[in-house]
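What follows is calculated from the coordinates using simple rules that are stated; it is not laboratory data. Fair warning: this is a prediction, and the values are worked out from it, not measured in the lab. Cβ placement follows ideal geometry from the backbone for every residue including glycine, while neighbour counts extend to all protein chains displayed.
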């Protein structure tokens, strides 16, 4: 069990290092906003797909409290495992941001000032997280789990570019990105509404996936 928690910690740390590090890289390379988003998007999605492939056989490659909660309520994860996974994900995400900050000679920890507010942005985050959960649940129900790395990475890349929130889709990622001052950051006061939107999206789209499956039967 300790290896599962370690896998979640390391995988989430790598994910945040890729996300926040690529944002710093993009910021240093160009002032073009569209190009910055594209660099950040591609690095994050590619890293996520690879990390899921590598860690799926170790921890299940959740890297996301929403995914772990869905597994818990589906009785595929017990309470002790859930607590361990959540701790590993939040701690790993924070360490990943610290590593990214160190790579780019930024302050070790600093609070973001980027406020991400408004119903449009929260709706975008609901859709981003809900779509992620829908993809994962649908593949599980259809017994196509081998497609998860490509499917999840594809969804995150697409949602990164079409949602108004740029698809955080993950409470641990949201918390971790408080602690960077680059373009990937999120201000502390924006975090609770973001996480509420993520949880609501996860619930709604998880129910939708189950409903569609029952309808097929």
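Annotation: the residues 129, 30, sorted from fewest to most other C-beta atoms within 10 Å of their own C-beta, follow the order 30, 129. Normalised by the number of residues in segment 2-216, the mean separation of alpha-carbon contacts (under 8 Å, six or more apart) gives a relative contact order of 29 percent.
GNM remark for the chain: springs join alpha carbons under 10 Å apart, and the peak mean-square fluctuation among 83, 52, 186 falls on 83. Among 110, 12, sorting on how many other beta-carbon atoms sit within 10 Å of each Cβ, with the fewest leading, yields 110, 12.
Could you give the angle, 0 to 90 degrees to the nearest 10, between helix 79-103's Cα long axis and the longest principal axis of the Cα atoms of the chain? On a 0 to 90 degree scale, this one is about 20. In a fully extended conformation the segment linking residue 213 and residue 76 would gain 47.5 nm over its present Cα-Cα distance, using 0.36 nm per residue. Compared with the dominant Cα axis of the chain, that is its longest principal axis, helix 148-162 is turned about 50°. With a 10 Å cut-off between alpha carbons and a GNM built on the chain, which of 177, 76, 116 moves the most? Maximum among the listed residues: 76.
By the count of other C-beta atoms within 10 Å, a proxy for reagent exposure, 144, 105 are ordered fewest to most as 105, 144.
Taking 158, 88, 197 as the candidate residues, the one with maximal mean-square fluctuation in a Gaussian network model of the chain, Cα springs under 10 Å, is 158. Multiplying the residue separation of residue 29 and residue 188 by 0.36 nm and removing their Cα-Cα distance gives an extension gain of 54.5 nm.
Full extension of the chain between residue 141 and residue 83 yields a length gain of 18.4 nm, computed as 0.36 nm times the residue separation minus the alpha carbon distance. For segment 1-105, the relative contact order works out to 47 percent when only alpha carbon pairs closer than 8 Å and six or more residues apart are counted. To the nearest ten degrees, helix 119-141 and the longest principal axis of the Cα atoms of the chain are 40 degrees apart.
Per-residue ellipticity at 222 nm computed for the chain from its helices equals -25000 deg cm²/dmol, with DSSP H segments shorter than 4 residues left out and the rest contributing -39,500 (n - 2.57).
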